[in-house]
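Novice: This is the structure, below, for whatever I ask next.
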């Protein structure tokens, strides 16, 4: 599924069994919200949480934020019903946990289709196991509904028996495999959560690394981290100005029939212009989101 160029700088997990949290989310500056039916909800509360989320979505008030429902796995007692319920909600996507094969995506898509889900309801995949990393390309190519990957770095580190190091060296191979597959098939890629809420500098470093690796945004577990994620993954004023200068310089050079374009002494080619236009489109969408929030 080709994804629209919308901001996903900050993507906040919200516990589906907590009506007060879902109410508070209406006033948060997150670009997207993940209503969670999986890890954040105990087994005895999952059915009720499904209804709580459905009621919250029906009540509206979330502005132009992207709304995603994280379901339980299809190998659980709740996964099928979660997807069937999602098909009737006014949300943008469903997030499948621990995806390890294309078959899982296709099975979820079949359930959504049977439940009458709109064609634009997207499927997202949690990439959080060694098998998922090894099958990233297969999963990325699995179905037209697929919109993106969400990294589950906590589960991945656990499965790898790895340490949570500052530079995440044990996970870089997996992160890179998923980024390669996502970009090869035109998907969005979201970085994993940062667990230490008391470590602001560590969170900032994790965001910078995510930007450098190429992720579109960061998944979050607390509202206090939204502003920092928005700043890190959003274009800076300098980047915006540079993008405008590159586009203007390239267009002026073309109009004059020049084959070489220099802006501030640096060569500007088609790829730079395409990147600049993508950045400015994102800036416009961020403005729309913040105005409509």
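Novice: Taking into account only those residues within the stretch 45-54 that are more than 22 Å from the chain's Cα centre (by Cα) and within 20 Å of residue 32 (Cβ to Cβ), which is surrounded by the fewest Cβ atoms within 10 Å (Cβ to Cβ)?
Specialist: Initial filter on the stretch 45-54 (more than 22 Å from the chain's Cα centre (by Cα)): 45-49, 51-52.
So of that shortlist, the ones also within 20 Å of residue 32 (Cβ to Cβ) come out as 49, 52.
Working: 49: 24, 52: 20.
The qualifying residue surrounded by the fewest Cβ atoms within 10 Å (Cβ to Cβ) is 52.
Novice: Turning to a different aspect of this structure: Of the residues 110, 115, 122, which single one is surrounded by fewer than 16 Cβ atoms within 10 Å (Cβ to Cβ) and either without any contact (Cβ under 8 Å) to a residue 40 or more places away in the chain or under 19 Å from the mean Cα position of the chain (by Cα) (or both)?
Specialist: Working: 115 fails: surrounded by fewer than 16 Cβ atoms within 10 Å (Cβ to Cβ); 122 fails: surrounded by fewer than 16 Cβ atoms within 10 Å (Cβ to Cβ).
Going through 110, 115, 122 in turn, just one is surrounded by fewer than 16 Cβ atoms within 10 Å (Cβ to Cβ) and either without any contact (Cβ under 8 Å) to a residue 40 or more places away in the chain or under 19 Å from the mean Cα position of the chain (by Cα) (or both): 110.
Novice: Would you be able to tell me the number of residues in the stretch 149-182 that are in a helix (DSSP H, G or I) and either surrounded by 15 or more Cβ atoms within 10 Å (Cβ to Cβ) or outside the structural domain of residue 95 (by TED's automatic domain parsing) (or both)?
Specialist: Filtering the stretch 149-182 for residues in a helix (DSSP H, G or I) gives 153-160, 169-182.
With either surrounded by 15 or more Cβ atoms within 10 Å (Cβ to Cβ) or outside the structural domain of residue 95 (by TED's automatic domain parsing) (or both) added as a condition, the list becomes 153-157, 159-160, 170-171, 174-175, 177-182.
Result for the stretch 149-182: 17.
Novice: Within the group 217, 152, which residue is in contact with a helix residue (DSSP H, G or I) (Cβ under 6 Å, 6 or more places away or on another chain) and under 18 Å from residue 34 (Cβ atoms)?
Specialist: Working: 152 fails: in contact with a helix residue (DSSP H, G or I) (Cβ under 6 Å, 6 or more places away or on another chain).
Among 217, 152, only 217 is in contact with a helix residue (DSSP H, G or I) (Cβ under 6 Å, 6 or more places away or on another chain) and under 18 Å from residue 34 (Cβ atoms).
Novice: Considering the stretch 228-257 alone, what residues qualify as being surrounded by fewer than 12 Cβ atoms within 10 Å (Cβ to Cβ) and either touching a strand residue (DSSP E or B) at 6+ places or on another chain (Cβ under 9 Å) or not in a helix (DSSP H, G or I) (or both)?
Specialist: Those that are surrounded by fewer than 12 Cβ atoms within 10 Å (Cβ to Cβ) and either touching a strand residue (DSSP E or B) at 6+ places or on another chain (Cβ under 9 Å) or not in a helix (DSSP H, G or I) (or both): 236, 256, 257.
Novice: Any residue in the stretch 266-280 that is assigned by TED's automatic domain parsing to the domain that holds residue 214 sitting within a Cβ distance under 8 Å of a residue that is part of a helix (DSSP H, G or I)? List the pairs, counting only those 6 or more apart or interchain.
Specialist: Listed by first residue and then by second, the contacts come to nothing, as the list is empty.
Novice: Which residue pairs have Cβ atoms closer than 7 Å, lie 6 or more positions apart in sequence or on different chains, and pair a first residue in the stretch 205-217 that is in contact (Cβ under 8 Å) with a residue 60 or more places away in the chain with a second residue that is part of a loop (DSSP other than H, G, I, E, B)?
Specialist: Here the result reads 216/8; 217/8; 217/9; 217/31, each pair linking the stretch 205-217 to a residue that is part of a loop (DSSP other than H, G, I, E, B).
Novice: When you check residue 273 against the structure, is it more than 18 Å from the chain's Cα centre (by Cα), assigned to a loop (DSSP other than H, G, I, E, B) and modelled with pLDDT under 95, yes or no?
Specialist: Numbers: more than 18 Å from the chain's Cα centre (by Cα): yes; assigned to a loop (DSSP other than H, G, I, E, B): no; modelled with pLDDT under 95: yes.
No.
Novice: Could you grab me the full set of residues in the stretch 1-24 that are modelled with pLDDT of 95 or more and over 18 Å from residue 94 (Cα atoms)? Spell out how you get there, then give the answer.
Specialist: Looking only at the stretch 1-24, we keep the residues that are modelled with pLDDT of 95 or more, and these are 7-24.
Within the stretch 1-24, 9, 18, 19, 20, 21, 23, 24 meet the criteria.
Novice: Let me ask something additional. Please enumerate the residues belonging to the stretch 98-107 that are in a loop (DSSP other than H, G, I, E, B) and surrounded by 22 or more Cβ atoms within 10 Å (Cβ to Cβ). It would help to see each step written out before you state the result.
Specialist: Of the stretch 98-107, the ones in a loop (DSSP other than H, G, I, E, B) are 98-101.
The answer is 99, and nothing else.
Novice: Condition check: in contact with a strand residue (DSSP E or B) (Cβ under 9 Å, 6 or more places away or on another chain), in a loop (DSSP other than H, G, I, E, B) and modelled with pLDDT of 95 or more. Does residue 139 satisfy that?
Specialist: Numbers: in contact with a strand residue (DSSP E or B) (Cβ under 9 Å, 6 or more places away or on another chain): yes; in a loop (DSSP other than H, G, I, E, B): no; modelled with pLDDT of 95 or more: yes.
No, not satisfied.
Novice: Against the definition (modelled with pLDDT under 95, in a loop (DSSP other than H, G, I, E, B), over 23 Å from residue 150 (Cβ atoms) and touching a helix residue (DSSP H, G or I) at 6+ places or on another chain (Cβ under 8 Å)), how does residue 260 come out, yes or no? Don't jump to the end; show me each part of the working.
Specialist: Values: modelled with pLDDT under 95: yes; in a loop (DSSP other than H, G, I, E, B): yes; over 23 Å from residue 150 (Cβ atoms): yes; touching a helix residue (DSSP H, G or I) at 6+ places or on another chain (Cβ under 8 Å): yes.
It is true that residue 260 is modelled with pLDDT under 95, in a loop (DSSP other than H, G, I, E, B), over 23 Å from residue 150 (Cβ atoms) and touching a helix residue (DSSP H, G or I) at 6+ places or on another chain (Cβ under 8 Å).
Novice: Now for a different question. Find the residue count for the stretch 199-227, including only residues that are buried (at least 16 other Cβ atoms within 10 Å of the Cβ) and under 15 Å from residue 31 (Cβ atoms).
Specialist: Total meeting the criteria: 12.
Novice: Does the stretch 197-220 hold any residues that are assigned to a loop (DSSP other than H, G, I, E, B) and within 19 Å of residue 7 (Cβ to Cβ), and which are they? Quick ask: steps written out before the conclusion?
Specialist: Let us first name the residues in the stretch 197-220 that are assigned to a loop (DSSP other than H, G, I, E, B), namely 197-199, 214-216.
Result: 214, 215, 216.
The values are calculated or read from the model by the stated rules, or taken from the named source; none is laboratory data. Source: prediction; values computed, not measured. Note that we place each Cβ from the backbone using ideal geometry, even for glycine, and neighbour counts take in every protein chain shown.
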